[in-house]
Amino acid sequence: MIDPSTPPSRRAFLQATGLGLLGATLPLPPALRGADPIPSSTKRPTDEPPSPLTPLNRFPRMVQEYYVGRLRAVEDAANLRRAGIKTKGDAEAYVAEVRRKIQGVFGPWPAKTPLNPRVTGTVDRGVYRIEKVIFESRPGFPVTANLYVPQGRPLPLPGVVGTCGHTDNGKAGATYQSFAQGLARQGYVVLLYDPIGQGERLQYATPEHKSRFGAGVREHLQAGNQQFLVGEFIGAWRAWDGIRALDYLLTRPEVDPNHVGVTGNSGGGTDTAWLCGVESRWTMAAPSCFITTFRRNLENELPADTEQCPPRVLALGLDQADFVAALAPKPVILLDQEKDFFDVRGLEEAWGRLRPLYRLLGREDNLQMFLGPDYHGFSRPVREAMYRWFNRATKISTAESEPALLIEKDEVLWCTPRGQLEAEGTRTVFSFTRELSAALGRTRKAPSEPALRQAIVDTLKLPPREGPPEYRILRPDPARRYPKPFAATYAVETEPGVFALVYRLDENPLLSRPPRTQPRALLYVSHHSADAELRDDPWLAELIRNEPTAAIFACDVRGIGESQPGTTGAGFLEPYGSDYFYAIHGLMLDYPYVGQKTHDVLRVLGWLQANGHTSVHLAARGWGTLPATFAAVLTADVAQVTLKNALTRYSDIAETEDYTWPLSSFVPDVLRTFDLPDCYRVLAAKGLRQIDPWSATVRP
């Protein structure tokens, strides 16, 4: 029986749910115990503020498991392709195939312009000297490098390009000095260069020669993420630096062009792997502490830099081992550490894929794997394995161990007077991005409405939609304090295993499928959480009040609100957080995250139509405005559009150095075909209302 003192609104809810019949013998669920479904502003008996509510997050693993399923399917298909390699001809065809695909990911390359090299100083260490070299990989884009040249040996000598991992001081890092010295003392000419955003090549340097964002990872993400908008990839820029480093090395008379290798660790292991895939002149390679599989990184929730995640690479069926396969059957040793955070199981899988290929090509002895006993890093045992491998190929030395080293102070190795190229007024990656965006804006024509729709489908890689989606009816929680007394939550399945969480607000209890009595609907697409914004956003409450005859819906697309992932070990909005993690994997799958979210909105709109809502007022705020905008352009059922804090235009991000919009909002290569004002122009016919648009720095 229901207690006679129960308020009428609660009595109606208990009767409708059937819980009133159980209340005398069974306790209510925690979510319903003592809950008041009427907004606190009208029903709370005291002036005490409402207690904070735990954010709803009923699908926290959804996005992770969706991506794992996608990557496993990619890997299964690629393994099936490799299983069909039975002959030498098959192996040669496979090598040619991966080379072609890799070039499609990293290219097209810029023209090779003059290197304009100059030596700014020399350090003499007896058995070798260190030349301080600056060359231009692109016009106005210099690279700082140290050239280690053995002395007192007959020339020419084998050459090695050394690539650096994520040390703030780049080529001056002790690990990288160590292998460069170790090789030079054994008879190798070594060119060790600073990566973009490290050492003397900060892209966001302060007057004090510090990075505004942080050297290494944060600079790579800041410069690299916005490049996607103009169809560029910072990993290709880094690989181009390595290609031009080899060009410079081969101009030196001390170097034997028949013996040129590449090695590096961690981020330098990444560059080494990419360079194996894009440059055929190497005669030997030794990537360290990077090679695993993309699936292992994803399953282990391990984020990686923008340059470590090539766009479309997974859609093309490529994995990290394929970049080594592109160099087959030349000598390559795969180096790693037993305790590395890059999963050694993935390295062993890569090894297992490469061995049959090398065997069919008749050079199984040209492939080797070495595991050191330590944690991530180019430690001495791993360096010594690299020396032995290169010595086996070149016969320059028979040394089995690393000679004594002298680690130099950073300033001893500087190529510039104050240790920073930025001080000399050179160009940054951003300056090229801004220039290209502006050039595209001058030549890009406003597309017609049909052409815009097709461009949205093509750039967002939207999948086909067939029939109304399936959905689940979740149990209600009357304690959320929404603008209306009752709410039902529907989990609308937009793809297998992926749900958009849709709240239906009403004056009456909702326990079954949505009522079909109102042809007009208001659908709100949230910024970060529909649950929180329905409670806390006065603008949204006002929007709902202004739609007295509409059915009220609010939506979380994937990765937002109820499905916000708690993965990666970093905060959701951190540079290495889960929002970035799935955005960058979306680009590798050639299915941009914002395209996935647009698909969610389109499926929810189809679900509304199937439930009798033939006229939709589509509203959104912040991040939600992007999928809402694209869906509104594509859907005839959207009759009205209201956007609060919508992005002004993508070109603003591409042309703003300190932009703050996340990678999850970006459409790759969008600025070659359209920009957001083209969408807003089309939506004017649907009564588009823009409220406080946000710039690239998320300011009105």
Within the range 328-362, the count of residues that are in a helix (DSSP H, G or I) and within 21 Å of Val160 (Cβ to Cβ) comes to 0
*Test result for Pro253, of a type outside the set (A, V, I, L, M), assigned to a strand (DSSP E or B) and surrounded by fewer than 21 Cβ atoms within 10 Å (Cβ to Cβ)*: no
Check: Is it true that some residue in the range 493-508 is within 13 Å of Ile473 (Cβ to Cβ), hydrophobic (A, V, I, L, M, F, W, C) and either at pLDDT below 95 or not assigned by TED's automatic domain parsing to the domain that holds Thr625 (or both)?
Finding: no
Of (1) surrounded by fewer than 24 Cβ atoms within 10 Å (Cβ to Cβ); (2) within 15 Å of the chain's Cα centre (by Cα), Ser578 satisfies every one except (1)
Of the conditions (1) closer than 25 Å to Gly577 by Cα; (2) in contact with a Cys (Cβ under 9 Å, 6 or more places away or on another chain), the single one that Asn645 does not satisfy is (2)
Determine, yes or no, whether Val105 is in contact with a Lys or Arg (Cβ under 7 Å, 6 or more places away or on another chain) and touching a residue at least 60 places away in the same chain (Cβ under 8 Å). yes
Checked Val313, Val332, Val324 against criteria (of a type in the set (Val, Ile, Thr), over 18 Å from the mean Cα position of the chain (by Cα) and within 26 Å of Ile584 (Cβ to Cβ)); the one match is Val324
Of (1) of a type outside the set (S, T, N, Q); (2) under 21 Å from Arg453 (Cα atoms); (3) part of a helix (DSSP H, G or I), Ala619 satisfies every one except (3)
Per the filter on the range 281-317, residues closer than 24 Å to Ala96 by Cα, surrounded by fewer than 23 Cβ atoms within 10 Å (Cβ to Cβ) and free of Cβ contacts under 8 Å to residues at least 60 places away in the same chain are Arg281, Trp282
Checklist entry - Has the range 618-639 got at least one residue that is more than 24 Å from Pro538 (Cα to Cα), assigned by TED's automatic domain parsing to the domain that holds Pro592, modelled with pLDDT of 95 or more and under 22 Å from the mean Cα position of the chain (by Cα)? => result yes
Subset of the range 216-229, residues of a type in the set (A, V, I, L, M) and surrounded by fewer than 24 Cβ atoms within 10 Å (Cβ to Cβ), comes to Val217, Leu221
All conditions in (1) at pLDDT 95 or above; (2) over 25 Å from Val123 (Cβ atoms) are true of Glu411 except (2)
Restricting the range 503-561 to residues that are under 22 Å from Val63 (Cβ atoms) and acidic (Asp, Glu), the one surrounded by the fewest Cβ atoms within 10 Å (Cβ to Cβ) turns out to be Glu533
Conditions (1) touching a helix residue (DSSP H, G or I) at 6+ places or on another chain (Cβ under 9 Å); (2) not in a loop (DSSP other than H, G, I, E, B) -> Glu65 fails only (1)
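Results for (1) more than 30 Å from Ala530 (Cβ to Cβ); (2) not charged (D, E, K, R), shown as yes or no for each residue.
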| site | (1), (2) |
| --- | --- |
| Glu408 | yes, no |
| Glu411 | yes, no |
| Thr416 | yes, yes |
| Arg442 | yes, no |
| Arg465 | no, no |
| Glu493 | no, no |
| Pro515 | no, yes |
Pairing a residue in the range 539-550 that is assigned by TED's automatic domain parsing to the domain that holds Ala620 and closer than 21 Å to Gly622 by Cα with any residue that is surrounded by fewer than 19 Cβ atoms within 10 Å (Cβ to Cβ) and of a type in the set (A, V, I, L, M), where Cβ atoms lie under 8 Å and the two sit 6 or more apart in sequence or on different chains, gives Trp539/Ile691
Looking across the range 371-406 at residues that are over 21 Å from Ala174 (Cβ atoms) and of a type in the set (A, V, I, L, M, F, W, C), the single one that is surrounded by the most Cβ atoms within 10 Å (Cβ to Cβ) is Trp389
So the helices (runs of 4 or more DSSP H) completely within the range 371-466 holding 1 or more residues that are without any contact (Cβ under 8 Å) to a residue 12 or more places away in the chain, over 30 Å from the mean Cα position of the chain (by Cα) and outside the structural domain of Gly264 (by TED's automatic domain parsing) are 449-460
Going through the range 190-215 in order, the residues found to be surrounded by 24 or more Cβ atoms within 10 Å (Cβ to Cβ), of a type in the set (A, V, I, L, M) and assigned to a strand (DSSP E or B) are Val190, Leu191, Leu192
Exactly one of Thr598, Thr625, Thr517 is polar (S, T, N, Q) and touching a Lys or Arg at 6+ places or on another chain (Cβ under 9 Å), and that residue is Thr625
- prompt: Looking at the range 590-610, is at least one residue closer than 27 Å to Ile552 by Cα, free of Cβ contacts under 8 Å to residues at least 60 places away in the same chain, part of a helix (DSSP H, G or I) and more than 22 Å from the chain's Cα centre (by Cα)?
  reply: no
Can you find a residue in the range 225-232 that is within 26 Å of the chain's Cα centre (by Cα), in contact (Cβ under 8 Å) with a residue 40 or more places away in the chain and in a loop (DSSP other than H, G, I, E, B)?
yes
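The values are calculated or read from the model by the stated rules, or taken from the named source; none is laboratory data. Being a predicted model, the structure only gives us computed values, none of them experimental. Glycine also receives a Cβ, built like all others from the backbone with ideal geometry; neighbour counts cover every protein chain displayed.
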